[in-house]
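Here, each number is a calculation from the coordinates, and none is a lab measurement. Just so you know, these numbers come straight off a predicted model, no measurement behind them.
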Amino acid sequence: MKSSGGKIRKAKGTGPKGAGPKAAPHRQQATKPRPQFAKTSAPADNDARVKAAPRSEPLPKRVLTRHTGPRPTEKTGLILETLPSDDYALLDSGNGLKLEQYGPYRIIRPEGQAIWLPAWNKAEWDKADAIFTGNTDEEGVGRWHFPKVPLGETWPLAYEGIPFFGRFTSFRHVGVFPEQGTHWSHMDSLIRGAKRPVKVLNLFGYTGVASLVAARAGAEVTHVDASKKAIVWARENQEMAGLSGKPIRWICEDAMKFVAREERRGSGYDIILLDPPAYGRGPNGEVWQLFDNLPDMVDLCRSILTPNPLGVVLTAYSIRASFFAIHELMRDAFTGLGGEVQSGELILRERSSGRALSTSLFSRWGAK
């Protein structure tokens, strides 16, 4: 997957399309759930490097206080692009669908924001190897239809030379969100440019591609996700990528509880990635609601930054909000630490006609 290499492109006007109180929901759904998987040959969940969460009481409500000092400088209305490449390409979109190329396979999935007409003709769409059918809601269970030949559950994919497994899940996801490539390139450059040991915390880490990017760049990585199955998948990806010798700590736990415990321990991280769902549940039934819990989470993340941090990256999917909501939250949270907060949208750029398909909001704080 080729991104614009972290290059920032300013959006026209004062903000992204749909910004403001009546902004259209990104991905048009209420959640970004964890998919269900079949059994794999990956190491058992009780492997020593996969640490399960102990049962504990719910966290008390965090008391937030305003930070003093100058607020970080800001850049808003930014568009970060993921461009078509041999690894991944948004080929075309329209009529509520998107046609994508993931490695060797051409895939059709629902896309509520594709309210225009496709640029390519039907013959091009008919070349699809896999089509997600059934429930079009992201939280709904559907199935895959293979119009040519039945395909296996997994297949090889890659990002910038890092191989990993794609998987046809019942929630229509395939194990990677390509638009995140711009953040991964940004993180890679921060790690390599630091010229010192760097510790990265990847919260809501999913299948671990970001963790592999960080580890390859030389960082010590802690990867946290509430799904044991997602962590097993991430471990498979680590082995496939030939990065088993890299220092990645896999933690199966509710992200909020993990960060709160790290605060009590006095742990510190130089870079923190936050990719939370709009709604989710932890391994012991903990409930995550983005608007209810994000302020506490961001405040906790500030508390576990090292004395010389590099940055915090927040991505928000499936919410009815302007990027200004998370932008101002991040500026408040990092008041007094200097640096800059950059916020806007992540987009995929079509190969067919060059149209931009917005996927999510982002806000990231950098120390410099």
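Through the Karplus equation 6.51 cos²θ - 1.76 cosθ + 1.60, θ set to phi - 60°, convert the phi angles of the range 352-368 into ³J(HN,Hα) values in whole Hz; use x for Gly and Pro.
Along the range 352-368, the couplings run 5, 9, x, 5, 9, 10, 6, 10, 6, 9, 9, 8, 9, 9, x, 5, 10 Hz.
Please list, in chain and number order, the residues 5+ apart from E74 or on another chain whose amide H is under 5 Å from its amide H, with Hs placed from the backbone.
Residues meeting the criterion, in which the H sits 1.01 Å from N, are V341.
Quote the convex hull volume per residue of the range 174-259, based on C-alpha atoms, as a whole number of Å³.
Normalising the Cα hull of the range 174-259 by residue number yields 90 Å³.
Consider all pairwise Cα distances in the range 88-167 and report the whole-number % of them above 23 Å.
Result for the distance tail: 22 percent.
Kindly state, as a whole number, the per residue volume in cubic angstrom of the convex hull around the alpha carbon atoms of the range 268-339.
Dividing the Cα hull volume of the range 268-339 by its residues yields 95 Å³.
Averaging the inverse of every distinct alpha carbon separation and then flipping it gives the Kirkwood radius. What is it for the range 195-317, in angstrom units?
So the Kirkwood estimate lands at 14.5 Å.
Per 10 Å bin from zero, what fraction in whole % of the C-alpha pairs of the range 235-287 is there, up to the bin with the longest pair?
The percentages, shortest bin first, are 18, 40, 36, 6.
How big, on average over all directions, is the shadow cast by the Cα convex hull of the range 70-213, in nm²?
11.5
So what are the ³J(HN,Hα) numbers for the range 167-183, from phi and the Karplus equation (6.51, -1.76, 1.60; θ = phi - 60°), rounded to whole Hz, Gly and Pro as x?
8, 7, 9, 6, 9, 6, 7, 10, x, 8, 10, x, 4, 6, x, 5, 5
Which whole-Hz couplings ³J(HN,Hα) result when phi for each residue of the range 261-274 is put into the Karplus expression 6.51 cos²θ - 1.76 cosθ + 1.60, θ = phi - 60°, listed in order with x for Gly and Pro?
Each residue's phi maps through the Karplus curve to give 5, 5, 4, 5, 7, x, 6, x, 9, 8, 9, 10, 9, 10 Hz.
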